[in-house]
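The values are calculated or read from the model by the stated rules, or taken from the named source; none is laboratory data. Note that the coordinates shown come from a computational prediction; the quantities given were computed from them, not determined experimentally. So basically every Cβ, Gly included, is an ideal-geometry build from the backbone, and we count neighbours across all protein chains shown. Just the protein is used for accessible areas: all its heavy atoms, side chains included, with ligands, DNA and RNA removed. Shrake-Rupley method; radii C 1.70, N 1.55, O 1.52, S 1.80 Å.
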Amino acid sequence: MASSNYFTPQRGNGFLDKSHLANSLPTYSSAVSEKMHRHSRSMSWTVPVSVPIPGVRSRRLRLIMPNPSRVRQISISRFGRRRGPILLCVVLIASIVTICSFARRFGAEEKQWTTNFGESSTLVFGRDDLRRIWKWEIDSGHYPSNAKIPEQVGLSTPPLNPALPPRKVPTIPSRFRPPPGPVATTTRGDGPRRVYLDVQSQPPNIAYPPRPVPGSVADLDIIMDHCDFSQGKYVRDCLEVLRIGAGLDNGKRLRRGEMDEWKYIYMEQEKENFTDPFMDPIPIANPIAPPRPLVSGGETDPNAGLRKKVGVDWETQLPLRTPLQHTPYSSLPAPCDPENPRLFHMFWTGPFTDKPYLALLSFLFTQNVGLHLKDGDTLNVCRPEFWMWINPGPAASVPNPSALSDMYEGLKTNPWAAPFLHHRFKDVIKFKLWNTTDQLDGIPELKDEWRELKETLFNSGGHIVSVPAEKSQSKSAEASSTSTIEDSTNSTDADPSTKPLSTGENKSDEDDMLNRTGSKSSSSYDRLSVILSDMARFVLCHRFGGIYLDADTIFLRDWEELWGWKGAFAYRWSRLEKYNTAVLRMNKNSALGSFLFRTALKNGLDFHPMTVSRYTKDAYLEGLLLRLPDAMFDSAWLNTEYYQRERPPQPYFQEFSDFFDTPTQASAAPQALGFEGFFQGAFSYHFHNFWWKPFDPSRNWPDLGPKFSAGERAARAAAEPDIDPEDATDRVADDKRDLDWATVLKRTFESYIRGERPNMYGEWLQW
């Protein structure tokens, strides 16, 4: 027999509510106590109010507020029924004005309230420029989406979209169709037709998943339909669609039935020259012409409805180059499209460690770089390159003239970096020297004005780290020759990679915020380099094109289909509708990039992802920088913030540290499931910092086999200073019994380089 409590209502925390019977009616005692409680609250001057905290479902904020009933009783008893409520309103209004004045007077500049109690606008471009930006990106094939264009942009007619196939319209006579609206919110497909692929391993070759078809494209509209957190989609379900649609479930498919809705990968086929009788002819006179006049104050205002940034004028017309021509992969004369280079960028400051080491190993393990072919064999695909940008010293310093040669010397002697200088990797991994002055001078939108903001260059979300132009000199002559970012053509400073900036006489000052080169612990976080990297990712993508990745990123699959999508994207900041630019795709010299740099210049060169979210939102350009689901690149994030824990993905991380220290109850999974059981379907994993945590504490050195034994001995000597490397022995008994996820991934990638296993697609490395 079922318990009577089965039908007893529960509180929000899961405990039974005993003030109600099983039929949900309140008991007599509870009704009396509730009445007395309401009476006591009406006699109190204040009442507790519980309000929800945005984004945190499990908690509420408790506030003490004036009791309106009590205040009203007193005002009526003292001032009468007519004057009492009036005086009460006057007091409330005066209180609000006082609070606002106090906030404006004493609040930080970036936190001052605006007149609409929201964030101040960042917009500096008028509607005509916003239309031109949209039109340029669409014409260039950078908007292969059916998502709506905001009405506020004011397009008069649907622009032709070369990245969308023609769409048939219902055969309804034009006289019965509703008249078009005052503005267009859709585009008109005028591009190649799409053929969606059924990607599966074919027997008997089912041991490994198939490589993506060269030139294939991921339909991110379909991925959004299955993965958008705003629509209640689960990361677990999203990953299943991602892996099945890409054939990553090789030989292990359990789903039965029609799965066309899960096909998100397509090939573009050139459209044939024919006239479709079902196509509705739409005049394309001038899609960026303004719609009907917008009137403000009796005069036509082309920018009516837009909120301009306070204190600045509208920017002059944004210079844009001629739009690009969208060309399907099958029509390219060569596998690589020069306008869409396949470049992965990563930014690193300080000594090379196991973190960029593992990022590069995962790149070789997953991407189609042709290492399974012998020298001289032709790879008839566009293989990506990985550009590792090295900032040789503290973020605020300038490299000296010999910095490039010094950088390579340092890489050669660093056991974590030296393996990637091997000639086998020279065509796919390239180390680049970062120079802030040269990079900013290479941005046409910034080069003439960024020096005016030199002393506030390090701006993150409105929090500015001021870097003085001159540093106080140390007593040591060796440490007195570095400077902050200025025109590097006048710099004769010593190498900052070996001689850190000095801001005083105390030795401890060498590791202050301005002098740090990397994060050695959670308490000595290199915040300045993080702020610099916020800007560097936009600089690199705008100058060279490609995809930027944070250094705490691990590749989990081939990105071929993402390269096929020509639009710009980042991904969602967990539960918030903001960007996280740990993954950032932008086209070089694009209209969107020009907009972002000019807007950032007028907003203190702030490239924090939260601020970039405001730039695109205020300008109605969010659709041009697509906010992809975090499930694709950051699958554990929602779980770490208490979301979707009732149906988590595999593995289930409650904290990001679980990657490095897997909980004992789940510690059998890493070895049992291996690489294939780690967020399978996601394109990458972002482990969110932890620079100071080794991936493999038991073997904290590069373990790549005899070809790289010299570096291994050096790193092993540093990790085990009490043991002679010549006498060191490897015993299973000395290893950790339950290997963590971080360790399993590191050892998997290393075994591929050693030649003990193929990569994730079954290809063996050929030396």
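Observations on the model:
- Asp448 paired with Asn700, simple spin-label distance in nm, labels 7 Å along Cα-to-beta-carbon: 5.2
- Our summary gives the stretch 663-767 a relative contact order of 33 percent, counting only alpha carbon pairs under 8 angstrom and 6 or more residues apart.
- Surface share of carbon and sulfur [accessible, 1.4 angstrom probe, percent] for the stretch 663-710: 57
- Per residue, the accessible area of the stretch 600-742 comes to 42 Å² when a 1.4 Å probe rolls over the protein heavy atoms.
- Among the listed pairs Lys233/Lys309; Lys566/Lys602; Lys148/Lys746, those with a Cα-Cα distance over 32 Å are Lys233/Lys309; Lys148/Lys746.
- Here the stretch 549-609 exposes an accessible surface that is 39 percent carbon and sulfur, computed with a 1.4 Å probe and the other protein chains kept in place.
- Formal net charge of residues neighbouring Ser230 (Cβ-Cβ distance under 13 Å; K, R +1; D, E -1): 0
- Tyr652/Phe544 FRET efficiency (R0 56 Å; Cβ-Cβ; nearest 0.05): 0.90
- If R0 equals 22 Å, the separation of the Cβ atoms of Glu339 and Asp427 corresponds to a calculated FRET efficiency of about 0.60.
- Between Cys89 and Gln152, the contour length at 0.36 nm per residue exceeds the Cα-Cα span by 19.0 nm.
- Projecting the Cα atoms of Ser684, Phe660, Phe595 onto the dipole axis of the stretch 570-692, where Lys and Arg carry +1 and Asp and Glu carry -1 at the beta carbon, places Phe595 farthest toward the positive end.
- Accessible surface calculations at 1.4 Å, restricted to protein heavy atoms, place the stretch 357-450 at 36 Å² per residue.
- The stretch 591-635 versus the stretch 392-458: alpha-carbon centroid distance in Å: 24
- Anisotropy class of the stretch 665-727 from Cα gyration tensor, a/c 1.5 cut: prolate
- Difference of contour (0.36 nm per residue) and Cα-Cα distance, Glu119 to Glu756: 223.8 nm
- Per-pair calculated FRET efficiency, R0 = 45 Å: Asp260 and Val310 via Cβ, rounded to 0.05: 0.30
- The packing ranking of peptides 443-453, 353-363, 754-764, highest mean first, is 353-363, 754-764, 443-453, where packing means the average number of other beta carbon atoms within 10 angstrom of each residue.
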